[in-house]
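First up is the structure itself, then whatever we jot down about it.
The values are calculated or read from the model by the stated rules, or taken from the named source; none is laboratory data. Being a predicted model, the structure only gives us computed values, none of them experimental. Ideal geometry is used to build each Cβ from the backbone, glycine not excepted, and the neighbour counts take in all protein chains shown. We work out accessible area using only protein heavy atoms, side chains counted, and drop any ligands, DNA or RNA first. Shrake-Rupley method; radii C 1.70, N 1.55, O 1.52, S 1.80 Å.
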Amino acid sequence: MNLKKYLVRALHRLQKGPGYTYKELLVWYCDNTNTHGPKRIIKEGPKKKLIWFFLTLLFASLVFWQWGILINTYLSYNVTSSLSIGFKTMKFPAVTVCNANPFKYSEVKHLLKELDRLIEAALERILQPTPGNVSDSVSPPLDLQLWNQIPLVLIDEHDKDNPVILDIFETNQTAGDNETAASSETAGDNRSSEGNETTMYNLPALCPQCSHQGSNNCTYRNFTSAAQAVTEWYILQSTSILSKVPLHERIRMGYQAEDMILACLYGAEPCNYKNFTQIYHPDHGNCYIFNWGMDEEALNSSNPGAEFGLKLILDISQQDYIPYLSSAAGARLMLHQQKSFPFLKDQGIYAMAGTETSIGVLVDELERMGYPYSDCTINGSDVPVKNLYSQYNTSYSIQACLRSCFQNHMVEICGCGHYMFPLPKGVNYCNNEDNPGWAYCYFSLRSSIKQRQICIDSCKETCNDTQYKMTISMADWPSEASEDWIFHILSYERDMSTNVTLDRNGIIKLNIYFQEYNYRTISESAATTIVWLLSSLGGQFGFWMGGSVLCLIEFGEIIIDSLWITIINVISWCKGLKQKRARARYPDAPPTVSELVEAHTNLGFQHEPMGALPRGKALPPEPGTPPPNYDSLRVQPLNVLSPDSDAE
């Protein structure tokens, strides 16, 4: 009950403020607000009142329109990039060096023997095409099992309407059975079909997993040169063979650090192959990383200039290259951050044999703003893709994410993993024996735009990144005048032999150094801040309506008063509804005061001893007693709390 009285008093006090109705409240606001315009509406004459009402409404609409634009601009979270140049002692980058050839041919020749015989016979047939089965004229006979899984074919398109498809190891056949598969093929086109893939080029052609003779289910991939198709075919077949070789065997068949790194000097300090960390890279075999920072602190560069950088002499042993697998000779190298995995195929550069390659380095540091300004990640923990390169204990990168995403999709769709990427647990690499259709599945997945878009949408850039800009120059090394004694010394130091075992085709010298200690920092900052938003909102409000923050508080006050008036009206409506229901329940009107007085006048009571007077009999008045004066009768009014009462 006390709570009810308190609420009623509170409502009454609020009613004493701006007014009891919405109209009174609006008039009070227009008369007391500090905003320009509303005062003129209630104080001017009829004509000016209409003009000022229109102007106030127009400018208020402009204010809200500008506010919407400003808030939308703020919520777009745009950034601005700024470039600053600093000077400091910097960490020397991690340097990864690999051989362009992944394995020594002398170590893997027994595994690739049949494959080499097939490719030699195919090249002979391509260069001198003659009818007949070549496999019958070769001694010993060729094992065509590998060939039938991914065959090469020749396409003669002199007659566009009737192209001739020729299997290199079979007799000529016209387009009869294959017309639907080949008649519309041109250089550079790809066509998908169920379960098979054929790689074609205008003269010879390649066909993964397609027993194409009489088959209508070949997918042709066109090349413009036989060299491209042969290299593609050899990579596919060697991938299938080498995927079954254990990792420790593949490491053994690659180039060892003590054979590849002949000399090392960092600044004024000597170093050797023991200062390098070995990792196995699927594209390049054994790779060696200097200053990776995994086990020891990263090295700082004491001064800029070639004399304070890293100097290396490498032996790539070009005479032991796999002839059909590696068509380029040299060293593959990459500069990257400490504890990051080197993706040499995408970001590496070649150093040519017989040259001294000098690489001057400049550093760019990128600092991106995180959510909500950009969708970058700090360490990859918020990326939905499982990072398969985490087994190397390396940091997150978008290249690692994209490759992990592709490998996960290939395992899910093809049932096996590609040899060039790390494997998830419990999964094997693809090969022709266990996964006959892996080549078609791989090419279909690689050319799928949908798959690429899924991986791009799932992976994120790192918020902080360091990029190394390189200036490369080369010169012949060693010179003709000095090559004799240099090769003698290097051969003796490596093999303890007085015979020269090195030559210009296998020697590379590298100089890697900071050009200067100036570094550039490209950082992002918010283009719009909360301070910018508030000042812009206030500027628009003040310009169009002469308002301020206090005017907004006044507007908030009138909204609160409107709510209280609404509450009072709702309560009054509820009370009226309750009274209507009560009258409907008791239709007879209650007796009035005059009716009660009249009934009391007509009713008299006579005093008798207890038990002597019959019940209901009135007592006569005593002698000398004046009759009652009913005119002095007053009725005490009900104590009803009026709206203006402040009684406690």
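Values computed for the structure shown
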{"quantity": "Single unsatisfied condition, Thr501 versus (1) assigned to a loop (DSSP other than H, G, I, E, B); (2) at pLDDT 90 or above; (3) of a type in the set (Ser, Thr, Tyr)", "calculated": "(2)"}
{"quantity": "Candidate set from the stretch 310-326 (those that are charged (D, E, K, R) and in a strand (DSSP E or B)); member that is nearest to Ala121 (Cα to Cα)", "calculated": "Asp315"}
{"quantity": "Residues of the stretch 487-510 satisfying the condition of being under 54 Å from the mean Cα position of the chain (by Cα) and either of a type in the set (A, V, I, L, M) or loosely packed, with under 14 Cβ neighbours inside 10 Å (or both)", "calculated": "Ile489, Leu490, Glu493, Asp495, Leu502, Asn505, Ile507, Ile508, Leu510"}
{"quantity": "Subset of the stretch 276-321 (residues that are open to solvent by 20 Å² or more (accessible area, probe 1.4 Å) and among the β-branched types (Val, Ile, Thr))", "calculated": "Thr277, Ile313"}
{"quantity": "Listing of helices (runs of 4 or more DSSP H) fully contained in the stretch 106-193 that carry 1 or more residues being modelled with pLDDT of 65 or more and not hydrophobic (A, V, I, L, M, F, W, C)", "calculated": "113-127, 145-149"}
{"quantity": "Whichever residue in the stretch 239-266 is modelled with pLDDT of 90 or more and among the small types (Gly, Ala, Ser) and, among such residues, is surrounded by the most Cβ atoms within 10 Å (Cβ to Cβ)", "calculated": "Gly254"}
{"quantity": "Meets criteria (among the hydroxyl-bearing types (Ser, Thr, Tyr) and within 21 Å of Asn464 (Cα to Cα)) for Ser535", "calculated": "no"}
{"quantity": "Candidates Pro424, Pro436, Pro478 - the one that is more than 32 Å from the chain's Cα centre (by Cα), without any contact (Cβ under 8 Å) to a residue 40 or more places away in the chain and over 30 Å from Pro372 (Cα atoms)", "calculated": "Pro478"}
{"quantity": "Complete set of residues in the stretch 49-92 that are touching a Leu at 6+ places or on another chain (Cβ under 6 Å) and outside any helix (DSSP H, G or I)", "calculated": "Phe92"}
{"quantity": "2 or more residues modelled with pLDDT of 85 or more and within 23 Å of Ile378 (Cα to Cα): qualifying helices (runs of 4 or more DSSP H) within the stretch 397-459", "calculated": "398-414, 449-458"}
{"quantity": "Long-range neighbours under 6 Å by Cβ, at least six apart or interchain, first residue assigned by the TED database to the domain that holds Arg494 within the stretch 261-277, second part of a strand (DSSP E or B) and open to solvent by 30 Å² or more (accessible area, probe 1.4 Å)", "calculated": "Leu265/Lys311"}
{"quantity": "Lone qualifier among Lys339, Lys345 - being touching an Asp or Glu at 6+ places or on another chain (Cβ under 7 Å) and either of a type in the set (Asp, Glu) or open to solvent by 10 Å² or more (accessible area, probe 1.4 Å) (or both)", "calculated": "Lys345"}
{"quantity": "Test result for Ser374, under 27 Å from the mean Cα position of the chain (by Cα) and surrounded by fewer than 19 Cβ atoms within 10 Å (Cβ to Cβ)", "calculated": "yes"}
{"quantity": "Residue under evaluation Tyr324, criteria (1) among the aromatic types (Phe, Trp, Tyr); (2) open to solvent by 50 Å² or more (accessible area, probe 1.4 Å); (3) in the same structural domain as Asp283 (by the TED database); (4) under 29 Å from Tyr519 (Cβ atoms), criterion not met", "calculated": "(4)"}
{"quantity": "Any hit, the stretch 498-507, residues being among the acidic types (Asp, Glu) and assigned by the TED database to the domain that holds Ser61", "calculated": "no"}
